[in-house]
Amino acid sequence: MRATGCAVLSAVMLGVFCAGCAEQAPQVSQQAEPAGQKPIAELVDPAPPEVAEFVAPPLTESEIAEGWISLFDGRSTFGWTTSVDSDQPLWTVEDGVLTATGDAPSLLLTPFAIDNFELRCSAHLEAGGNSGIFLRTADAAADPATDTYELNICDGHATHATGSLVGRVVAENVPAVEGAWHDWRVRCEGSRIQVWLDEQMILDFTDESDAVRLSGKIGLQVNQGRIAFRDVCLLPLGYRELLSGDDLSGWHEVPEAASEFRVSEGLLNISGGPGFLESDETFADFVLSATVRLNGAGINSGIFFRSMQGTADAPSNGYEMQLNNAMQDSDPVRPADSGTGAIFRRVQARRIVAGDNEFFTAVLIAQGDHFCSWVNGYQVVSWQDERADDENPRRGRRLTGGHLILQGHDPGTNVDFRSIRVQKLVE
């Protein structure tokens, strides 16, 4: 190696559609691909239309580096699925807030399930309304006592008023919330769920029942009346750092790499290429957070995942989250080479969010056949792989675990990795 030291939803869950996901199975080449070449012609799923106005996520720089992501872009329902299939969407965006009216019950869902996390948002429920935030929910949650944790927002509920988990625990002495904006924060770790309302803890519950749920999707509910949400942000909990800062323990170089891999002052620098640095460990369903700097205009790199073990002849047979901030005609909604956060050759990023020569954080959630990515907290991809199964993700869908691979793309590559962290998701 050349490395050196240095409410009840049975009537609600009528169907699921995926906003912003691919609808047709991609067709890809079966030919072997040289290590450093990435022909853009094989990109099969264009990015979804991007809103004209970019709204920065409501996150600080330190929160972004910590791994926080925004689940609502302030302009669209990109990245969500819904429980009701309708020609007229119940959930819309008005004046920068996500809103629905309870003409028919509906639940917005993340396309991924997550186990340990912190969630925060602001909500406004009209007087007499009924809403909630669903935690670790099943796709079809028929019974809130077994299929979800439903954090109720409904002052007048007969048994489980605002702040309670329906069918599980009643919160006491909770102030009324209807008719005004209020801030919510929830922390789910193992069987413990803590809830804060306007930064005052209102619930600290440990589920000791036989129906404990350790993983599931996040949902926003409308049941009755108008509900509005804004500043919906998530922090996965349980990240584990994969870079030691002192050496390349846990990584090995794929044979015949031209890249140089150096660790110095807490940074992993990859220069030159082509070349690939592979993790010893394998990962199937996970959240990955990488803090990266591309040192120059048009620098090209990537993080491969669920990869087959690399060889000299086939060094990077995996999915690839692209790292490349180049734009066409300086237009951020027109990536020049798929864009940072893209799943290369599968779906391009809908916007270039980060800049060259500065650190940014990319987050990837890979779960089953669905892949979501964020750059500096802003979601750029939500894509489902509908191809036939294949052990090689270049040829088809791979659901089993594989290696992470860091790429030196070409002789001009110069990229710094400050952090690469992974949280394995409950399978």
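Values quoted throughout were computed directly from the atomic coordinates according to the rules given, and no laboratory measurement underlies them. Everything numeric here is computed off the predicted structure, so don't read it as measured data. Cβ placement follows ideal geometry from the backbone for every residue including glycine, while neighbour counts extend to all protein chains displayed.
Look at the Cα gyration tensor of region 61-236: its axes a ≥ b ≥ c give a/c under 1.5, and that counts as rounded.
The slack in the chain from Ser264 to Glu208, taken as 0.36 nm per residue of separation less the alpha-carbon distance, amounts to 15.4 nm. When only the Cβ of Lys, Arg, Asp and Glu is charged (+1, +1, -1, -1), the dipole of region 61-236 relative to its Cα centre reaches about 120 debye. Each Lys or Arg adds one and each Asp or Glu subtracts one; over the other residues with Cβ under 10 Å from the Cβ of Asp231, this totals +1. The residue among Gly96, Ile303, Ile218 whose Cα reaches farthest toward the positive pole of the charge dipole of the chain, with charges on the beta-carbon of Lys, Arg, Asp and Glu, is Ile303.
Cβ crowding within 10 Å, taken as a proxy for footprinting-reagent exposure, orders Asp103, Asp155 from fewest neighbours to most as Asp103, Asp155. Have a look at Ala113, Phe229, Val375 and report the one farthest towards the positive end of the charge dipole of the chain, computed about the Cα centre with Cβ charges (Lys/Arg +1, Asp/Glu -1). So the residue furthest toward the plus end is Val375. Farthest towards the positive end of the charge dipole of region 241-424, among the residues Gly318, Trp251, Leu399, is the Cα of Leu399, using unit charges on the Cβ of Lys, Arg, Asp and Glu. Each part reduced to its alpha carbon centroid, region 263-311 and region 328-382 end up 15 Å apart.
Among the listed values (1) -0.58, -1.21; (2) -0.66, -1.14; (3) -0.56, -1.09, the one computed from these coordinates for log10 I(q)/I(0) by the Debye sum over Cα atoms at q = 0.09, 0.13 Å⁻¹ is (3).
Counting charges near Gly296 (Lys, Arg +1; Asp, Glu -1) among other residues having Cβ under 13 Å from its Cβ returns a value of -3. For Thr148, Thr77, the sequence from fewest to most other C-beta atoms within 10 Å is Thr77, Thr148.
Net charge of the neighbourhood of Ile193, taken over other residues with C-beta under 13 Å away and scored Lys/Arg +1, Asp/Glu -1, is -1. Summed over qualifying helices (DSSP H, 4 residues or more, each -39500 (n - 2.57)) and divided by its residue number, the chain shows a 222 nm mean residue ellipticity of -500 deg cm²/dmol. By the count of neighbouring beta-carbon atoms within 10 Å, fewest first, Lys217, Lys424 end up ordered Lys424, Lys217.
Overall, the anisotropy analysis places region 241-424 in the rounded class: the square-rooted eigenvalues a ≥ b ≥ c of its C-alpha gyration tensor yield a/c less than 1.5.
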